[in-house]
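One structure below.
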Amino acid sequence: MISVAEILVSPFLGLVHPIWKERFPWLSQGCTVRSIDTTLYDFGFFSGGSKADVVEQNWLTLLKATGATSVVHGRQVHGTAIQAHKAAVPGLKVFSNCDGHVTAMDGILLTVTTADCVPIFLVDTNMRAVAVLHAGWRGTAAGILGHGLSALEDQSGSPSGDVMMHLGPSICGKCYEVGLEVSQALGRPTLPRGSSIDLRGILAQQAVKAGIHTENISVSTHCTRCTQSDLFSHRAGDRGRQVSYIGLRG
């Protein structure tokens, strides 16, 4: 497992995995940042931050910047539902009750929005299939990662051992203070209220148990609270959302 400091490639595309960028030119992947100059770059359709027309324009800006044909998103409910996409429908399409997306088709940009939760990027480099998942503590406890790996295998036919995983920008283990119910749901030892949990560390452990090789797992060094990375943080009072995206270039 390696630590990765994503690099800012452009104001519109945000932070990208530098190793993946170099090794996989057929891959479009990244996580947007909070602002462009002094203007919020907010993708939160359902978080009550920016006006709907501003948010929609940001989505269209990202679609143009990546060169994708279509972009898909979901109304996230901290569940385990994964949407598979087999055709690129032009423009933006939003699905209900969906916390992950998977595809093996070119031109479809898969997305999840976060503001402390963990965006999980999955790539089958052999068969060129990708997935992105939204993992808060509820989704992690419910097994969102396992559902995502199963959905990816359905698309590519490859086992988990062939998959690469990146845990993107989110709140870090030092900043993520939780209550007893969270510790119990995640199967952690009972901790005093106000103790912190490393959600990305837990997801990495789940990935290894699921068969992903340790050397294929990377973890972002960016924290939404403490690394001054220009990211939205729900716990810091933000109502905006950054978007994590992945897709196959045509």
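The values are calculated or read from the model by the stated rules, or taken from the named source; none is laboratory data. Here the structure is a predicted model, which is why all the values come from computation and not from measurement. Please note: Cβ atoms are built from the backbone with ideal geometry, for glycine as well, and neighbour counts cover all protein chains shown.
Of all the residues in the range 101-120, those that are at positive phi and in contact with a helix residue (DSSP H, G or I) (Cβ under 9 Å, 6 or more places away or on another chain) number 1.
Pairs meeting the criteria (first residue in the range 142-153 and more than 11 Å from A81 (Cα to Cα), second residue modelled with pLDDT under 95 and not in a loop (DSSP other than H, G, I, E, B), beta carbons under 8 Å, at least 6 apart or on different chains) are L149/S160; E153/S160. For the range 72-85, taking the residues that are outside any strand (DSSP E or B) and of a type in the set (S, T, N, Q), the one that is nearest to the chain's Cα centre (by Cα) is identified as Q76.
Residues in the range 47-68 include at least one that is at pLDDT below 95, within 18 Å of the chain's Cα centre (by Cα) and under 18 Å from Q242 (Cβ atoms). Kindly evaluate V33 against the criterion of being over 20 Å from N216 (Cα atoms) and in a strand (DSSP E or B). No: the conditions fail for V33. Somewhere in the range 86-104, is a residue among the hydroxyl-bearing types (S, T, Y), closer than 25 Å to A207 by Cα, in a loop (DSSP other than H, G, I, E, B) and in contact (Cβ under 8 Å) with a residue 40 or more places away in the chain? Within the range 86-104, none of the residues are among the hydroxyl-bearing types (S, T, Y), closer than 25 Å to A207 by Cα, in a loop (DSSP other than H, G, I, E, B) and in contact (Cβ under 8 Å) with a residue 40 or more places away in the chain.
Scanning the range 165-213 for residues that are in a helix (DSSP H, G or I), within 19 Å of the chain's Cα centre (by Cα) and of a type in the set (V, I, T) yields a total of 2. Close contacts from the range 215-229, counting a first residue that is touching a residue at least 24 places away in the same chain (Cβ under 8 Å) and a second that is part of a helix (DSSP H, G or I) and surrounded by 19 or more Cβ atoms within 10 Å (Cβ to Cβ), with Cβ to Cβ under 7 Å and a gap of 6+ residues or different chains, come to I217/A204; I217/A207; V219/R200; V219/A204.
Among the residues of the range 122-139, are any in contact with a Gly (Cβ under 9 Å, 6 or more places away or on another chain), closer than 22 Å to R23 by Cβ, part of a helix (DSSP H, G or I) and aliphatic (A, V, I, L, M)? Within the range 122-139 (the criterion being in contact with a Gly (Cβ under 9 Å, 6 or more places away or on another chain), closer than 22 Å to R23 by Cβ, part of a helix (DSSP H, G or I) and aliphatic (A, V, I, L, M)), the answer is no, since none of the residues qualifies. Only a single item in (1) under 28 Å from H213 (Cβ atoms); (2) surrounded by fewer than 15 Cβ atoms within 10 Å (Cβ to Cβ) is not met by L60, and it is number (1).
Those residues that are polar (S, T, N, Q) and in a loop (DSSP other than H, G, I, E, B), I need them from the range 214-250; list them, please. Of everything in the range 214-250, those that are polar (S, T, N, Q) and in a loop (DSSP other than H, G, I, E, B) turn out to be T221, T224, T227, Q228, S229, S233. Only residues that are crowded, with 16+ Cβ neighbours inside 10 Å and in a helix (DSSP H, G or I) were counted in the range 14-30, giving 2. Restricting the range 111-121 to residues that are in contact with a Ser or Thr (Cβ under 6 Å, 6 or more places away or on another chain) and in a strand (DSSP E or B), the residue that is farthest from V55 (Cα to Cα) is V118.
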